[in-house]
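**Q** Before anything else, here's the structure in question.
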Amino acid sequence: MRIALATGLLPVPPTYFALQHGERLQAEHEVRMFALAADIRDPAVSIEVDAALPSVGPWPARIAAAFATAPLSSAVQARRIAAFAPDVVHQHFATWSRGALDGAARAGAPLVATLHGYDVFAAEGTGRTPLERFHRRSVADTAARADRLLAVSRYLADRAIAAGFPAERLEVHYQGVDTEVFTPGDGPAAEPSVVFIGALARRKGIDDLIAASIASVERAPHRLRIIGTGPLEARVRSAALAHPHIDALGSIPRPGVLSELRAARALVLPTQASAGRREAAGLVLLEAQACGVPVIAYASGGTPEMVDDGTTGLLVDEFDRAALSVAMERILLAPDDEWARMSAAARSFVVESRSLDLSVRALRDHYRDLRRPAAP
């Protein structure tokens, strides 16, 4: 089977999820990724990436160029997809989808589109900027023309249907994580640590996490290891200067992230509502659990679908900093045997219900179900 993956903007890291299924499928099928613009900064990426725009200049400038030249670059993407003669086209995000829509139509191939969150929020929006209108048109066309729509959580699927996506063509497809890469290590470090991995932004709850850590550190000594960059980076670094137990690590390579996860007592990700939007899924929660690390998160958006509350981690009410602090203390101070049971359950939960293997098998079934028979 020839599989054309497609997306608009492809920075790797962090957008591994757009490639990971294709990388696993290319052992049996011919797979190629088609993007408007790509910024591949991980040499481990093995899949062939065809970018409509040249990969030169700083990434923010290429994002701006992709928008400014969207009709032209989408036409280039469509021609290249059609020339690949795919059996199926799979678009990630219903935004920036014109190239995939037209490419699939020219090739006479079925179109699958995965909704990740931003695209559904764009469908709900009423903004009047040129970019907002552009995204709403793309989303509406994808909803109308895709043969199958996949949402990364039940929460997002329900929200998509409420926003006008057709329920009869929409299914939940959990993305899954690679349980052969994200594996347990030797257990937590001697000095207990709690790790955060994500954008340093209000919607990720970084302020709540810092407050909860400061409130609990005397009762449950620990280090708070914060990995990521973003608009609140200066605030995070200021907190690290004021509180010696906080480490602002910035952006670190993927192997370093894996090491930090394996050494942690818990991963905390208090994502929360921002401008009416919530986390659609949260793959880092699954990555941590695959490493045998319990997680703590707000019960917001699709997050409850990524955690077996009370067994593989703890969910607390959104915006409740005091409850977040109590949950951190509970896992930090848990007896070793109790923590080990939670660690083993976390690993089993991902292997048995949220692994990349399961996700790839489900996706392969979708492709085969939609594949049109060859002409006699």
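The values are calculated or read from the model by the stated rules, or taken from the named source; none is laboratory data. Model, not experiment: these values are computed from the prediction. Reconstructed Cβ throughout: ideal geometry from the backbone, glycine too, with neighbour counts over all protein chains shown.
**Q** Please go through segment 343-372 and pick out each residue that is closer than 17 Å to E305 by Cα and either outside any helix (DSSP H, G or I) or touching a helix residue (DSSP H, G or I) at 6+ places or on another chain (Cβ under 8 Å) (or both).
**A** To start, the set of residues in segment 343-372 that are closer than 17 Å to E305 by Cα comprises 345-356, 358-359.
If the condition is that a residue be closer than 17 Å to E305 by Cα and either outside any helix (DSSP H, G or I) or touching a helix residue (DSSP H, G or I) at 6+ places or on another chain (Cβ under 8 Å) (or both), then A346, R347, F349, V350, V351, R354, S355, L356, S359 are the ones that fit.
**Q** Still on this structure: Can you tell me how many residues in segment 181-199 are under 18 Å from the mean Cα position of the chain (by Cα) and either in a strand (DSSP E or B) or at pLDDT 95 or above (or both)?
**A** Going through segment 181-199, the residues under 18 Å from the mean Cα position of the chain (by Cα) turn out to be 181-182, 195-199.
Going one step further and asking which of them are either in a strand (DSSP E or B) or at pLDDT 95 or above (or both), we end up with 182, 195-197.
Result for segment 181-199: 4.
**Q** Select from segment 223-237 the residues that are out of contact with any strand residue (DSSP E or B) (no Cβ under 8 Å at 6 or more places or on another chain) and assigned to a helix (DSSP H, G or I) and write down the one among them that is nearest to E329 (Cα to Cα).
**A** Within segment 223-237, the first condition is being out of contact with any strand residue (DSSP E or B) (no Cβ under 8 Å at 6 or more places or on another chain), and the residues that meet it are 230-232, 234-235.
Among the residues that remain, those that are also assigned to a helix (DSSP H, G or I) are: 234-235.
Numbers: A234: 27, R235: 24 Å.
Going through the qualifying residues, I end up with R235.
**Q** Looking at segment 1-27, I want the residues that are basic (K, R) and have a partner that is assigned to a strand (DSSP E or B) with Cβ atoms under 7 Å, at least 6 apart or on another chain. Which pairs are those?
**A** Cβ pairs passing all conditions: R2/E30.
**Q** Residues of segment 108-151 being part of a loop (DSSP other than H, G, I, E, B) and without any contact (Cβ under 8 Å) to a residue 40 or more places away in the chain, which ones?
**A** So in segment 108-151, the residues part of a loop (DSSP other than H, G, I, E, B) come out as 108-110, 116-117, 125-129, 146-147.
Answer for segment 108-151, where residues must be part of a loop (DSSP other than H, G, I, E, B) and without any contact (Cβ under 8 Å) to a residue 40 or more places away in the chain: G125, T126, G127, R128, T129.
**Q** Right, something else. L209 - would you say it is part of a helix (DSSP H, G or I) and touching a His at 6+ places or on another chain (Cβ under 9 Å)? Lay out the reasoning, then the answer.
**A** Working: part of a helix (DSSP H, G or I): yes; touching a His at 6+ places or on another chain (Cβ under 9 Å): no.
In short, no.
**Q** Can you go through A215, A220 and tell me which one is in a loop (DSSP other than H, G, I, E, B) and surrounded by 16 or more Cβ atoms within 10 Å (Cβ to Cβ)? Show your work before the answer.
**A** On the way: A215 fails: in a loop (DSSP other than H, G, I, E, B).
When all the criteria are applied, what remains is A220.
**Q** Against the condition under 17 Å from S97 (Cβ atoms) and more than 22 Å from the chain's Cα centre (by Cα), how does A51 come out, does it pass?
**A** In short, no.
**Q** Please go through segment 267-321 and pick out each residue that is under 22 Å from R202 (Cβ atoms), assigned to a helix (DSSP H, G or I) and not charged (D, E, K, R).
**A** If the condition is that a residue be under 22 Å from R202 (Cβ atoms), assigned to a helix (DSSP H, G or I) and not charged (D, E, K, R), then L283, V284, L285, A288, T303, P304, M306 are the ones that fit.
**Q** Mind listing just one residue for me: the one in segment 328-352 that is among the β-branched types (V, I, T) and buried (at least 20 other Cβ atoms within 10 Å of the Cβ) and, of those, farthest from E180 (Cα to Cα)? Working first, answer last.
**A** Initially, segment 328-352 is screened for residues among the β-branched types (V, I, T), giving 331, 350-351.
Then drop every residue that is not buried (at least 20 other Cβ atoms within 10 Å of the Cβ), which leaves 331, 350.
Numbers: I331: 26, V350: 11 Å.
By that ranking, first place goes to I331.
**Q** Kindly indicate whether any position in segment 161-171 is part of a strand (DSSP E or B), surrounded by fewer than 19 Cβ atoms within 10 Å (Cβ to Cβ) and touching a helix residue (DSSP H, G or I) at 6+ places or on another chain (Cβ under 8 Å).
**A** As a first pass, look at segment 161-171 and keep what is part of a strand (DSSP E or B): 170-171.
Narrowing further to those that are surrounded by fewer than 19 Cβ atoms within 10 Å (Cβ to Cβ): 171.
Add one more test, that the residue is touching a helix residue (DSSP H, G or I) at 6+ places or on another chain (Cβ under 8 Å), and what stays is 171.
For segment 161-171, residues part of a strand (DSSP E or B), surrounded by fewer than 19 Cβ atoms within 10 Å (Cβ to Cβ) and touching a helix residue (DSSP H, G or I) at 6+ places or on another chain (Cβ under 8 Å): present.
**Q** With the condition being within 27 Å of H173 (Cα to Cα) and in contact with a Phe, Trp or Tyr (Cβ under 9 Å, 6 or more places away or on another chain), I'd like the helices (runs of 4 or more DSSP H) fully within segment 1-107 carrying at least 2 qualifying residues.
**A** On the way: elements: 17-25, 59-68, 70-84, 98-107.
Those helices (runs of 4 or more DSSP H) span 17-25, 70-84, 98-107.
**Q** What is the residue count in segment 303-326 for residues that are at pLDDT below 95 and within 17 Å of the chain's Cα centre (by Cα)?
**A** Number satisfying all stated conditions: 0.
**Q** Moving on. State yes or no: is W59 surrounded by 18 or more Cβ atoms within 10 Å (Cβ to Cβ) and either not assigned by TED's automatic domain parsing to the domain that holds G276 or not polar (S, T, N, Q) (or both)?
**A** On the way: surrounded by 18 or more Cβ atoms within 10 Å (Cβ to Cβ): no; either not assigned by TED's automatic domain parsing to the domain that holds G276 or not polar (S, T, N, Q) (or both): yes.
No; evaluated as a whole, the condition is false for this residue.
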